Amino acid sequence: MKAYNVINTRLPRVDARAKATGDARYTADLSMPNMLYGAMLQSPLAHAKILNIDVTAAKKLPGVRDVVTWKEAGLVKYGVSPARYDEQVFCSDKVRYVGDEIAAVAAVDLETAMEAVSLIKVDYEELPVLLDIESAMAEGAIAIHEDFPGNVSAEVHQEFGNFEEALKECDIVRTDRFTNKRQDGGFLEPQACLAQYDLNGNLTLWSSTQSVHYVQRSIAMVLGLPVGKVRVVKPYVGGGFGPKAAVNAMEIAACLMSKRTGRPVKMLFSREQVFLHSRARHQFFHEFTTGVKKDGTIMALHNTCYLDGGAYSSFGIATIYYAGSLLGAPYRLPNMKYDGYRIYTNKPTCGAQRGHGGVAARAGWEQQLDTIAAELNMDPVEFRLKNMMKTGDVTCNDFNMSSLGMQECLEGVRDGSNWAAKKGKLPRGKGIGVACGFFVSGAGYPIYRSETFHSTATIRLTEDGGGVNLYTASAEIGQGSDTILGQIAAEALGVSLDDVMVHSGDTDFGVDLGAYSSRQTLMSGHAVKMAAEDTKRQVLEALSEQLGVTVGDMDIAGGVVIFKKGKPDFSRLRTLYIKEHRGWEDQPSGAELTFREAARVAFITRGVIIGNGAYKPGELGGKYKGAAVGTSPAYGCSAQVVEVTVDEQTGKVTIDAMTDAHDCGFAINRTNVEGQMQGSLSMGLGEALFEEVRFDAKGRVANASLGEYRIPTALDMPNVKTVIIESDEPNGPFGAKEVGEGAIMPTIPAILNAIYDAVGVRINELPVTSERLFAAMKEKQKK
Amino acid sequence: MKKLITLTVNDTEYEVAVAPNRTLTQVLREDLNLLGTKEGCGVGDCGACTVVLDGKPVNSCLVLAVQADGSRIKTIEGVAHGDSLHPVQETFVELGAIQCGFCTPGMILSATSLLEKNPHPTEQEVRQALSGNLCRCTGYQKIVEAVQEASRRMKG
Amino acid sequence: MLLLPKFDYEEPKSLPEALAMLSELKGNGKVIAGGTDLLVNMKKGTVRPACLVSLKKVEALREISGEDGGLSVGSHVTISEIADSDRVASTFPVLARSASCLGSPLIRNRATIGGNIVTARPAADLPPALLVLGARVELRGKDKDRTVSLDGFFTGPGTSVIETREVLTRIVIPSPPPFTGADYIKLGHRAALEIAIVAVSSRLTLDKPDGVIVDARVILSSVAPTAIHAVSAEKALMGQRPSEDLFAKAALLAVGDSSPITDIRGGAEYRRDMVNTLVKRTLLKAFNDARDMKGGNA
Ligand SMILES: Cc1cc2nc3c(=O)[nH]c(=O)nc-3n(C[C@H](O)[C@H](O)[C@H](O)COP(=O)(O)OP(=O)(O)OC[C@H]3O[C@@H](n4cnc5c(N)ncnc54)[C@H](O)[C@@H]3O)c2cc1C
Ligand code: FES
Ligand code: FES
């Protein structure tokens, strides 16, 4: 492998010092002179007609500066997919879930704003509340959205190959069911925003978001402003994991009220509001029928899935496709049939969350495959190796595995966990399990139909040549994209990471679709690399004119100019630089011409040096309906082995050890790759063992707190042995592809398979609480 | 009615007039402009608001500012000495213990408090000490490793 | 963001001053100790006292001291002080153990033993251990003082015999008889920041190391409106020679003594099964400790 200076290292993150000292600013930390505070009125009922909204008392409260409802906000529909724009800033005709937004208030302080909210009187006529799929799909059920009778928000039917025909060749056919539970993102920073509309009619919104671009477009559309008049800025973000990928009503309300009052408006979600807004993982009800030959060849899968979508669509249209398409790999599967139904219910809206759409499907199917391996008397690792795809394979749904280190991953966890010494040899109550997974490395298409570039990047060199400013609208949300993109820029330009200043998360810096579908490293990385190469070219061209060396005979690396065919005399340039910086101590010296000197020459001869890059994926596979969801320039993959102890008298599961191998193509930053792997696994562990958003009979979230919605603590999560696999992705910058989401895929099924190994029961409903496992063991004993 | 209270925060004494219903988190953030202390839940569930109150790490969202009258408080802003980071901050930076950073101030304060009480904790003791500070990003491993490495460095 | 409603705040310098204040406030005042329970409820809007009376300045409430081989713990001693106290660990390890199960280290640094008792949450961590230890609590009012056994203190979820004008000042634990051992096990989902699904505390006293049970206490928590004695289990253990069979029998009887409900943390059936498991386990540990000890420790 090629030697690099900046990438494939363990350099500390560019934002780490600011975050370690408390200097890093998040949206809630911002304030402005003359700022108002906003608060929202949200529906206390899950389904009701709005008969009347009376804001008189709220308006009269001293300190209140604005009260808005649908009358002020208008009736523009928005959402994530243009095909399902079914949201409105404020409800006009009816409310569809507890938490649906009805009005907002801006006041001189938060206390006043909240008091005013409590003074708004709404008359409702209660409607039947549909809290689950069965009641929403029942004959004669009331339509939550008039345009969608039957409450089917989306429906997908796909068949690749011929499922029925293929079954005829199979020796084992199994049907199993599986369901997860509605999840919450559990990010530590609740959403927050600050909007400022200035005297020139320019709107700026600072927000805790994963995509400044989508928020900018949505706000412009809803408020009827030109996109160019709306700027969205993302300060540091305390985690997103999906739910922060789309615009929210609070952001639009803040903008609206700032526009109306001419004053900055700040709004914050409480933790409860985070749960009410949700937009997190759906509950999926899967049924898998899988056919396998005696020799262990997987032949066919029919996957049926019902998704409990909540009240609106959000990312759900993508989710329903992913719940089918993401089983197309990493095993060779010639015949795959999928039927998906996303159902509206009177609950908060579900959307995207880490491993979008594929996590429950993967969990259920990998558990079924384990059962099949056992029926075949095959070792689960061997069974998987036998069916594994390789680099260059194309799935039945037309995903091109342009790189796939799946075999290396499986072998990595097998050897790393000492599988052979443990499988089948552990005492009762202890178990070991394996599973695999894969994920897209960036959605192949934007969420709205468009020819847009997915990422642009600009590099501007400072006039003294010392600084490299990188501008990108990409979203650092904790995953480390600022560092990765800084490293890519530094490597491609030939300087050190310290020379690069990363400016990101601002629509003024370009277009970037944001942090979702694991796209920043590959897509924004490409754009940044191009911008750096463009910058380098310009510097070398300027140098070429001065030194008479052709551009092709020069390069920049490690902060100095490399002359491939012998060093010319550059003393004139050095003297010039030194003269211009009389009094400075840090003058260039030594035998090499520094990047600084070269960049200075470029500035003097050409003006400000600006390099540009822009990326969109090339031609991708799939001509069928829905091919836009799941096709990606590259796919990451992973395997995990989990070891558990089950307390048979209580049903309590303890995760003792985890071994994880992930093919990220090429690790731009090894520490960050491990961090994404470990973080994914802990989220997977939480979903497997604890996490479930619950509702009472009236559709109110029953556990809207981090006390009763349990994400793992430091005592619940074991250390993970991480194995990084690098398959050198041809479509990735420096060969890199995703790690941020794919790593969660195998976690749940590996845990389930380990539990089975420990106590011989299969759990097909998450989370595996001690109660659920105890009941299953009790049931088994009765039989 | 507002009360006049004295807080010694990061070795600086402040006199502030506060209404009794304001939490220590609010007063640190809003009155003293010490924005490194975060609020993730407001009810003791997450630890993002951790500060060291009279030598002990606590959830500042569940402390009334008036209850802290006369106390010594350390916030994340008081952990480094000028430009030089505390060993725990150093190892958090170097070993990748920070992702989104929202839990970081609280984690670092819990960790430094632990090391003051118990300079050479076992892995389990570190995990115990951090068990009131939730982190959704890291899976805790690099945080635990950073605390242990800081403990090694502080030995010398 | 959650805001607290408006209220007044007082910090009396002595207990009599505090008692006078509470009496004057006529039920509109509330004691605030660590605030980890009260402030959460106030943020959620479930309680709205007009005035909070902090006893922070009353030093006497912060003492742990030995008393006739037993222990006196001031109501404002924090949970972490109890968990870390050598005196507690050596006389009543079961109390230290239950203290170390509460919430998180951050919560334990604020939460007090008095607050844990007065909140009267059915799942509170300290009452089960305090009940097996036979603790009494001292309640002081402006005009009357009384000491009540913790056994008669709780009257329902969130309610107890304490009156709004009274202050719980200290908890008194009698000296343990020889050959006594005890245990507390809390079953939750996570390993920290958990409210118990079921918790059990048991204590056994033997007449001699390999003798018969002369005193048995089994407290079940989270399976009834308050922590309760598993009366039939206790009865079945008395006078018997300890054995695993006996403990299994007692555990089954304890299941009958419980009346769990299904709520967000767990189902009734599971809770009954867990009473069975945890009673067995706590009895076994209590017995082993009782037998191994020269006496005095519980
Ligand atoms: C995140 C979190 C986790 C928790 N986990 C647990 C847990 O695992 N187990 C558990 O048992 N509890 C738990 N709790 C609840 C709480 O922390 C404990 O009950 C704690 O012991 C309460 O003590 P305090 O000093 O904070 O009480 P406060 O909140 O100050 O007071 C509680 C109540 O008692 C009254 N009171 C307090 N002291 C006195 C007194 N001396 N005389 C008269 N009245 C008094 C107050 O008026 C108030 O009504 C948790 C709380 C939080 C926020
Ligand atoms: S904000 Fe205080 S614990 Fe979450
Ligand atoms: S780094 Fe994001 S919560 Fe810990």
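The values are calculated or read from the model by the stated rules, or taken from the named source; none is laboratory data. Just so it is clear, the structure is predicted and the values come from calculations on it, not from any experiment. Virtual Cβ from ideal backbone geometry, glycine too; neighbours counted across all protein chains shown. The area values use the complete protein model at the heavy-atom level, side chains included, leaving out ligands, DNA and RNA. Shrake-Rupley method; radii C 1.70, N 1.55, O 1.52, S 1.80 Å.
So here's what we get for this one:
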{"read-out": "Portion, in percent, of the accessible area of the stretch A:205-278 that falls on carbon or sulfur, probe 1.4 Å", "value": "48 percent"}
{"read-out": "Alpha-carbon centroid distance for the pair the stretch C:129-159 / the stretch A:82-160, whole angstrom", "value": "49 Å"}
{"read-out": "For chain A: accessible area per residue (Å², 1.4 Å)", "value": "33 Å²"}
{"read-out": "Label point distance in nm, residue A:261-residue C:208, each placed 7 Å from Cα along Cα→Cβ", "value": "8.2 nm"}
{"read-out": "Candidate lysines - alpha carbon under 23 Å from residue B:117, same-chain residues fewer than 8 apart omitted", "value": "B:56, B:74, B:142, B:155"}
{"read-out": "The stretch A:377-423: trypsin sites (Lys or Arg not before Pro) in DSSP loop, at most 14 other beta carbons within 10 Å", "value": "A:390"}
{"read-out": "Cα centroid of the stretch B:114-154 to Cα centroid of the stretch A:513-535, whole Å", "value": "35 Å"}
{"read-out": "0 to 90° range, to nearest 10: angle between helix C:244-257 axis and chain C longest Cα axis", "value": "40 degrees"}
{"read-out": "Residues of type lysines that residue A:529 reaches as a straight line, Cα spacing below 24 Å, ignoring anything fewer than 8 places off in the same chain", "value": "A:2, A:234, A:564, A:616, A:737"}
{"read-out": "Residues losing 50 Å² or more accessible surface upon assembly, the stretch C:92-139, compared with the chain by itself, 1.4 Å", "value": "C:105, C:106, C:109, C:110"}
{"read-out": "Accessible-area value, residue A:717, 1.4 Å probe, nucleic acids and ligands omitted, Å²", "value": "0 Å²"}
{"read-out": "Gain upon complete extension [residue C:155, residue C:249; 0.36 nm per residue less C-alpha separation]", "value": "31.0 nm"}
{"read-out": "Estimated FRET transfer efficiency (residue A:164, residue A:126; beta-carbon r; R0 41 Å; 0.05)", "value": "0.30"}
{"read-out": "Net +/- balance of residues flanking residue A:279 in space, Cβ distance below 10 Å, scoring K and R +1, D and E -1", "value": "+1"}
{"read-out": "Relative contact order for chain A, counting Cα pairs under 8 Å that sit 6 or more residues apart, in percent", "value": "16 percent"}
{"read-out": "FRET efficiency for residue A:694 and residue A:719, using Cβ-Cβ distance with R0 set to 35 Å, rounded to 0.05", "value": "0.70"}
{"read-out": "Amide N proximity, the stretch A:489-506 versus residue A:227 label position 7 Å along Cα-to-Cβ, cut-off under 11 Å", "value": "none"}
{"read-out": "Backbone N within the stretch C:144-184 under 12 Å of label point (7 Å from residue C:68 Cα along the Cβ vector)", "value": "C:172-176"}
{"read-out": "Using a Förster distance of 60 Å, the FRET efficiency for residue B:125-residue A:569 (Cβ separation, nearest 0.05)", "value": "0.40"}
{"read-out": "Estimated [θ] at 222 nm from DSSP helical runs (n ≥ 4, -39500 (n - 2.57)) normalised by residues in chain C, nearest 500", "value": "-9500 deg cm²/dmol"}
{"read-out": "Computed [θ] at 222 nm, helices only, for chain A once each DSSP H run of length n ≥ 4 contributes -39500 (n - 2.57)", "value": "-8500 deg cm²/dmol"}
{"read-out": "Accessible area of chain C belonging to carbon and sulfur atoms, whole % at 1.4 Å probe", "value": "51 percent"}
{"read-out": "Ellipticity estimate at 222 nm from DSSP helix runs (n ≥ 4, -39,500 (n - 2.57)) divided over chain B, nearest 500", "value": "-9000 deg cm²/dmol"}
{"read-out": "With Cα atoms, 0 to 90° folded angle of helix B:104-117 axis to chain B main axis", "value": "80 degrees"}
{"read-out": "Between C and A, accessible area buried - total, square angstrom, nearest 100, 1.4 angstrom probe", "value": "2200 Å²"}
{"read-out": "Cα-derived Rg over Rh, computed across the stretch A:611-727 with Rh taken as Kirkwood radius", "value": "1.10"}
{"read-out": "Reduction of at least 30 Å² in accessible surface, 1.4 Å probe, comparing all protein chains with the chain by itself, residues of the stretch B:52-69", "value": "B:56, B:57, B:58, B:59, B:62, B:64, B:66, B:67"}
{"read-out": "Percent accessible area from carbon and sulfur atoms, the stretch A:640-783, protein chains only, probe 1.4 Å", "value": "45 percent"}
{"read-out": "Gyration tensor verdict on the stretch A:544-648 (Cα atoms; rounded if a/c is under 1.5, prolate if a/b is larger than b/c, oblate otherwise)", "value": "prolate"}
{"read-out": "Size-normalised alpha-carbon gyration radius of the protein assembly as shown, reference 2.2 N^0.38 Å", "value": "0.96"}
{"read-out": "Extension gain, residue A:469 back to residue A:135 (0.36 nm per residue minus Cα-Cα distance, nm)", "value": "114.7 nm"}
{"read-out": "Percent antiparallel among DSSP beta bridges (both partners in chain A, rounded to 5)", "value": "75 percent"}
{"read-out": "Loop-resident sites, the stretch A:230-266, for trypsin sites (Lys or Arg not before Pro), counting at most 15 other Cβ within 10 Å (DSSP)", "value": "none"}
{"read-out": "Whole-angstrom gap from the stretch A:246-306 to the stretch A:27-41, using each part's C-alpha centre", "value": "26 Å"}
{"read-out": "Candidate lysines for bridging to residue B:2, where Cα separation is under 22 Å - those fewer than 8 sequence places away on the same chain excluded", "value": "C:6, C:13, C:30, C:43, C:56, C:57"}
{"read-out": "Greater than 18 Å apart at Cα, pairs in A:294/A:390; A:49/A:71; A:181/A:782", "value": "A:294/A:390; A:181/A:782"}
{"read-out": "Helix runs (DSSP H) in chain A reaching 27 Å along axis by Cα, Kyte-Doolittle at least -1.0", "value": "A:525-547, A:670-689"}
{"read-out": "In nm, spacing of pseudo-spin labels at residue C:259 and residue C:47 (7 Å Cα→C-beta vector)", "value": "2.5 nm"}
{"read-out": "In nm, spacing of pseudo-spin labels at residue A:147 and residue C:146 (7 Å Cα→C-beta vector)", "value": "6.7 nm"}
